[in-house]
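Engineer: One structure follows; several queries about it will come next.
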Amino acid sequence: MRAALIGRQGELRVFFCGWGMDERPFLELVPPGKRLLLLYDYRDPEIPAGIPEEAATAPVLAWSLGVYWALRLRKFFRGPLVALSGTGAFAHREFGIDPRLVRLTLEGLKRDGEVVRERFFFRMFSSKDHLKRFRRSLPQRALSEAVEELAASLELPPIFPSPGDDLRAVIPREDRIFPPRAQRRFWERAGVPTEEISGGHFPFYARRDLWSW
């Protein structure tokens, strides 16, 4: 796992990114006077060194594959958690993305490379304007890293939150990556309150910053 600390002072929020991401698409979503600890690249499950002490109790926003890791690392990052466009079961027929589709994506990435990654990015958005904005600040992860990260994610066992955890889930109704019905099933079984919003898998540009979730 890797970390990027954005901002020099102010209130801290922890953000678990999705698959294949880094800090670039989110830099403009950190307002002045705030700090963001952004975690990404889940090939290695170890928490990176140099994490600020206050991150242990800071509010947490987790997105897509990052929801799984926020739940898995809950004993280290204990602040109120907002889970967006994901569950604690990444590749799962009932509670996540159909494993068959994950494998097809992985095979496509190995065979066709950037064409498949670009197709994935396209499917993240329900707004053409938001897609254009994303393309101006694309993550700069190597394709080989993205392949390794997705391959490692295929075998992750489901994780359910503990009863009474300070957690809520947000489900975009037009999500074409992580099926909304799977998100609903997972959070209903977990007894976690949910909010449904309009938008696709990457809904961040519909709000002013990451603190508005």
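The values are calculated or read from the model by the stated rules, or taken from the named source; none is laboratory data. Because the structure is a prediction, the values reported are computed rather than measured. Here the Cβ positions follow ideal geometry from the backbone for every residue, glycine too, while neighbour counts run over all protein chains shown.
Engineer: Which residue pairs have Cβ atoms under 7 Å apart, sit 6 or more places apart or on different chains, and have a first residue in the range 180-209 that is under 14 Å from residue 133 (Cα atoms) and a second that is in a helix (DSSP H, G or I) and charged (D, E, K, R)?
Structural biologist: Matching pairs, first to second residue: 205/133.
Engineer: Still on this structure, please answer the following. Go through the range 1-26 and count every residue that is modelled with pLDDT of 95 or more and either among the acidic types (Asp, Glu) or touching a Pro at 6+ places or on another chain (Cβ under 9 Å) (or both).
Structural biologist: Residues that pass the stated criteria total 14.
Engineer: Here's a check for you: in the range 110-143, which residue that is more than 13 Å from residue 25 (Cα to Cα), among the small types (Gly, Ala, Ser) and in contact with a helix residue (DSSP H, G or I) (Cβ under 9 Å, 6 or more places away or on another chain) is surrounded by the most Cβ atoms within 10 Å (Cβ to Cβ)?
Structural biologist: It comes out as 127.
Engineer: So which of 182, 206, 146, 152 ends up being surrounded by 15 or more Cβ atoms within 10 Å (Cβ to Cβ) and closer than 22 Å to residue 2 by Cβ?
Structural biologist: Testing whether each residue is surrounded by 15 or more Cβ atoms within 10 Å (Cβ to Cβ) and closer than 22 Å to residue 2 by Cβ leaves just 146.
Engineer: Kindly provide the set of residues from the range 78-87 that are assigned to a loop (DSSP other than H, G, I, E, B) and under 11 Å from the mean Cα position of the chain (by Cα), ordered by number.
Structural biologist: Of everything in the range 78-87, those that are assigned to a loop (DSSP other than H, G, I, E, B) and under 11 Å from the mean Cα position of the chain (by Cα) turn out to be 85, 86, 87.
Engineer: Collect the residues in the range 21-34 that are assigned to a loop (DSSP other than H, G, I, E, B) and of a type outside the set (A, V, I, L, M, F, W, C), keeping them in residue-number order.
Structural biologist: 22, 23, 31, 32, 33
Engineer: Can you tell me which residue among 172, 163 is in contact (Cβ under 8 Å) with a residue 12 or more places away in the chain and within 20 Å of residue 16 (Cα to Cα)? Steps first, please.
Structural biologist: Values: 163 fails: within 20 Å of residue 16 (Cα to Cα).
172 is the lone residue from the list that is in contact (Cβ under 8 Å) with a residue 12 or more places away in the chain and within 20 Å of residue 16 (Cα to Cα).
Per-residue answers, yes or no, for (1) outside any strand (DSSP E or B); (2) under 15 Å from the mean Cα position of the chain (by Cα); (3) surrounded by fewer than 17 Cβ atoms within 10 Å (Cβ to Cβ); (4) not β-branched (Val, Ile, Thr):
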{"residue": "19", "(1), (2), (3), (4)": "yes, yes, no, yes"}
{"residue": "36", "(1), (2), (3), (4)": "no, yes, no, yes"}
{"residue": "44", "(1), (2), (3), (4)": "yes, no, yes, yes"}
{"residue": "54", "(1), (2), (3), (4)": "yes, no, yes, yes"}
{"residue": "71", "(1), (2), (3), (4)": "yes, yes, no, yes"}
{"residue": "76", "(1), (2), (3), (4)": "yes, no, yes, yes"}
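Engineer: So, one more: For the subset of the range 165-176 comprising residues that are outside any strand (DSSP E or B) and surrounded by fewer than 22 Cβ atoms within 10 Å (Cβ to Cβ), which member is nearest to the chain's Cα centre (by Cα)?
Structural biologist: Among those that are outside any strand (DSSP E or B) and surrounded by fewer than 22 Cβ atoms within 10 Å (Cβ to Cβ), it is 176.
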